[in-house]
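Structure first, then comments.
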Amino acid sequence: MKHPFACAALGAALLATPAAAGGYVFVDLGTLGGANSAALGLNDRGQVVGWAEVPGCTTGNGLPCRRAFLWEDGVMTDLGFLAGDEGSVARAINDAGLIVGTSERDVLFGSGTYHAVTWTGGALAPLPDLGQGTSWANDVSELGLVAGYATDPGPVRDRAVTWSGGAITNVGSAEPHSYNRARGVNDLGALAGFAWDLFQPNDSIVFDGGAWTTIGGTDGPFQNSEAYDVNDGGTVVGLQAFPSGNWHAAYWPAGGHAVDLGVLPGMDLAELFDVNEAGLAVGHSFTDVTSRAVLSDGVQLLDLNTLLPAGTAALLLDATEINERGDIVGSALVGGVQHAYLLLDTSNAGNYCHATPNSTGAVATMSMSGTTSLANNDLVVHASGLPNQPCLFFYGPGQGELPFGNGVQCVVGGLTRLGPPQVAAGNAVARAFDVVGAGLAPGRVNVQCWFRDPAAGGAAFNTSDALELVLVP
């Protein structure tokens, strides 16, 4: 997912030592009442999607029923499934809140019947297929382009497809392999995926909107390669069998050859599932009996478990998506069961946006005191450099930069007043922020001050810069 204020300074320096990136906080997202859950998608607003088991329900195959969920503001919501199916999985969500995934039945060891679906505002809708009745939605761009695959009935084979405005396009028909699937899509409409011919290994493929290119798996008859995601800069991630033998995490810089990132010590295999605009990728390294979530800058793999605060009672099994703020989701072992988790990167919060000078000649700036801990609930927000006029703090989930009076509105998306207004004294004002009383959950929130400024003329009001806060348990 893309974000206008992405921190581009993340990279090799971040991964130099665990301490350099030690700002992660673990959040257990829980379940829908059943034993297990998994997070698969995350947007820049902190909304998480995935699947969770529900109690008192088994499928026709005798497995626990799993349902697609949306986690938001600390609440996990069951998204339901299509009539005639048994369950569902949500795989991706964009910043507009469009969720994509599958409604499914008879799932057993990867087989079953899958129907690509979307959820908009909680409303479930099927996507068209190619006529065989099976389709799979894997990813969605910020512009609403959905990527996945569907079964083509003549002859029966998987084909990479996209959906836009509810209409399906068979983009895989122009790809030279017999079978192909799209796994990831970027905001420019490029696709990443894999393709194969019968009785042959997989090849990584990318689509630039006009033509398909094979980028991996062609070095020998026993190679295997799969691409899972592509960012707007053209960096692709996935897995590849290199001459060393086993499948390793693979990282293709834009226009370059695959980089063999290997595996974690003691592990046999590795793969990367997602890459953000800063080039940071996440996935896992694993054996037949264990798995560990990994983070990579395209140079090395790092065990994400080494970045957790001491005493965190969880083992991160995989990492499935990293957003533009550096937050990560995946599955963790918690108390012997698998739970969806959210890792909040607290190292990159702080001031953002460009305030304009007010009648004092200064620029109003935000700050805080206390902590962002929900348990402590002692947060105080401050604004300084103000005229001695009324100031109203407001907060919301999104970041923007919109003209507003004599200043700039930096907080967008479902604004809430932290009121009533207070008159600044000594060109400053402070207000306690009762985050528990506000019903906020672990995650990110943005705060800004709107203030009267009649002496400046014009619209007679202005704004401070904004402060992004990471609320932790």
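The values are calculated or read from the model by the stated rules, or taken from the named source; none is laboratory data. Keep in mind the model is a prediction, meaning the values are calculated, not measured. Because the Cβ atoms are built from the backbone with ideal geometry, glycine has one as well, and the counts that use them run over all protein chains shown.
So which strands (runs of 3 or more DSSP E) stay within the stretch 363-404 end to end and still have 1 or more residues that are of a type in the set (D, E, K, R) and surrounded by fewer than 20 Cβ atoms within 10 Å (Cβ to Cβ)?
Working: elements: 365-369, 380-384, 390-396, 398-404.
The strands (runs of 3 or more DSSP E) meeting that bar are 398-404.
Restricting attention to the stretch 76-99, and to residues there that are within 19 Å of Y341 (Cα to Cα) and of a type in the set (A, V, I, L, M, F, W, C), which single residue is surrounded by the fewest Cβ atoms within 10 Å (Cβ to Cβ)?
Selected residue: M76.
Among residues belonging to the stretch 164-205 that are surrounded by fewer than 23 Cβ atoms within 10 Å (Cβ to Cβ) and assigned to a strand (DSSP E or B), point out the one that is nearest to the chain's Cα centre (by Cα).
Looking at residues that are surrounded by fewer than 23 Cβ atoms within 10 Å (Cβ to Cβ) and assigned to a strand (DSSP E or B), I get S164.
What number of residues in the stretch 314-347 are touching a residue at least 40 places away in the same chain (Cβ under 8 Å), surrounded by fewer than 22 Cβ atoms within 10 Å (Cβ to Cβ) and outside any strand (DSSP E or B)?
Count: 3.
Suppose we keep only residues that are among the polar types (S, T, N, Q) and assigned to a loop (DSSP other than H, G, I, E, B) within the stretch 107-139. Which one would you say is surrounded by the most Cβ atoms within 10 Å (Cβ to Cβ)? Full working, then the answer.
Quick first cut of the stretch 107-139, residues among the polar types (S, T, N, Q) only: 111, 113, 118, 120, 132, 134-135, 138.
In the following step, the residues that additionally are assigned to a loop (DSSP other than H, G, I, E, B) were identified as 132, 134.
Numbers: Q132: 15, T134: 21.
Selected residue: T134.
Going by the conditions given, is E271 assigned to a strand (DSSP E or B) and either touching a strand residue (DSSP E or B) at 6+ places or on another chain (Cβ under 6 Å) or modelled with pLDDT of 95 or more (or both)?
Working: assigned to a strand (DSSP E or B): yes; either touching a strand residue (DSSP E or B) at 6+ places or on another chain (Cβ under 6 Å) or modelled with pLDDT of 95 or more (or both): yes.
Criteria met by E271.
Would it be correct to say that L467 is buried (at least 19 other Cβ atoms within 10 Å of the Cβ), in contact with a strand residue (DSSP E or B) (Cβ under 9 Å, 6 or more places away or on another chain), of a type in the set (A, V, I, L, M, F, W, C) and outside the structural domain of A96 (by TED's automatic domain parsing)?
Working: buried (at least 19 other Cβ atoms within 10 Å of the Cβ): yes; in contact with a strand residue (DSSP E or B) (Cβ under 9 Å, 6 or more places away or on another chain): yes; of a type in the set (A, V, I, L, M, F, W, C): yes; outside the structural domain of A96 (by TED's automatic domain parsing): yes.
Taking the combined requirement at face value, the residue satisfies it.
Got a sec? Which of E142, E104 is of a type outside the set (A, V, I, L, M, F, W, C) and either assigned to a strand (DSSP E or B) or more than 19 Å from N186 (Cβ to Cβ) (or both)? Steps first, please.
Working: E142 fails: either assigned to a strand (DSSP E or B) or more than 19 Å from N186 (Cβ to Cβ) (or both).
Exactly one residue qualifies, and that residue is E104.
Taking the stretch 370-412 as the search range and keeping residues that are under 18 Å from V435 (Cα atoms), of a type in the set (G, A, S) and within 28 Å of the chain's Cα centre (by Cα), which one is modelled with the lowest pLDDT?
Result: G398.
Looking at this structure, is V206 closer than 30 Å to Q300 by Cβ and β-branched (V, I, T)?
It is true that V206 is closer than 30 Å to Q300 by Cβ and β-branched (V, I, T).
How many residues are surrounded by fewer than 16 Cβ atoms within 10 Å (Cβ to Cβ), in a strand (DSSP E or B) and modelled with pLDDT under 95 if we restrict to the stretch 58-75?
1
Identify the residue in the stretch 419-454 that is charged (D, E, K, R) and part of a loop (DSSP other than H, G, I, E, B) and, among all such residues, is surrounded by the fewest Cβ atoms within 10 Å (Cβ to Cβ). If you could, list the steps in order and put the result at the bottom.
We begin by selecting, within the stretch 419-454, every residue charged (D, E, K, R); these are 431, 434, 444, 452-453.
Checking which are part of a loop (DSSP other than H, G, I, E, B) leaves us with 434, 453.
On the way: D434: 13, D453: 22.
My answer is D434.
Surrounded by fewer than 24 Cβ atoms within 10 Å (Cβ to Cβ) and either under 23 Å from D44 (Cβ atoms) or assigned by TED's automatic domain parsing to the domain that holds H248 (or both): does that describe A293? Write out each step before concluding.
Values: surrounded by fewer than 24 Cβ atoms within 10 Å (Cβ to Cβ): no; either under 23 Å from D44 (Cβ atoms) or assigned by TED's automatic domain parsing to the domain that holds H248 (or both): yes.
In short, no.
Of the residues D44, D28, which is of a type in the set (D, E), assigned to a strand (DSSP E or B) and within 26 Å of T371 (Cα to Cα)?
Numbers: D44 fails: assigned to a strand (DSSP E or B).
So the residue among D44, D28 that is of a type in the set (D, E), assigned to a strand (DSSP E or B) and within 26 Å of T371 (Cα to Cα) is D28.
List the pairs whose first member sits in the stretch 416-427 and is closer than 11 Å to A383 by Cα, whose second member is assigned to a strand (DSSP E or B) and modelled with pLDDT under 95, and whose Cβ atoms are under 8 Å apart, counting only residues at least 6 apart or on separate chains?
none
Which pairs do you get when a residue that is touching a residue at least 60 places away in the same chain (Cβ under 8 Å), found in the stretch 177-193, comes within reach of a residue that is assigned to a strand (DSSP E or B), reach meaning Cβ atoms under 6 angstrom, with the pair 6+ apart or on two chains?
Between residues of the stretch 177-193 that are touching a residue at least 60 places away in the same chain (Cβ under 8 Å) and residues that are assigned to a strand (DSSP E or B), the close pairs are G184/D139; G184/A192; G184/Y228; G184/D229; G184/V230.
Hey, among V75, V49, which residue is without any contact (Cβ under 8 Å) to a residue 60 or more places away in the chain and in the same structural domain as N276 (by TED's automatic domain parsing)? Walk me through how you get there before you give the answer.
Numbers: V75 fails: without any contact (Cβ under 8 Å) to a residue 60 or more places away in the chain.
Exactly one of V75, V49 is without any contact (Cβ under 8 Å) to a residue 60 or more places away in the chain and in the same structural domain as N276 (by TED's automatic domain parsing), namely V49.
Go through H339, H382 for me and flag whichever is within 27 Å of W71 (Cα to Cα) and either outside the structural domain of S37 (by TED's automatic domain parsing) or not hydroxyl-bearing (S, T, Y) (or both).
Values: H382 fails: within 27 Å of W71 (Cα to Cα).
H339 is the lone residue from the list that is within 27 Å of W71 (Cα to Cα) and either outside the structural domain of S37 (by TED's automatic domain parsing) or not hydroxyl-bearing (S, T, Y) (or both).
Residue under question is G101, and the condition is that it be farther than 16 Å from V329 by Cβ and either assigned by TED's automatic domain parsing to the domain that holds D139 or in contact with a strand residue (DSSP E or B) (Cβ under 9 Å, 6 or more places away or on another chain) (or both); does it hold? Working first, answer last.
On the way: farther than 16 Å from V329 by Cβ: no; either assigned by TED's automatic domain parsing to the domain that holds D139 or in contact with a strand residue (DSSP E or B) (Cβ under 9 Å, 6 or more places away or on another chain) (or both): yes.
When the stated conditions are applied, G101 does not pass them.
All but one of (1) of a type outside the set (D, E, K, R); (2) part of a strand (DSSP E or B); (3) modelled with pLDDT under 95 hold for G311, so report the exception by its number.
(2)
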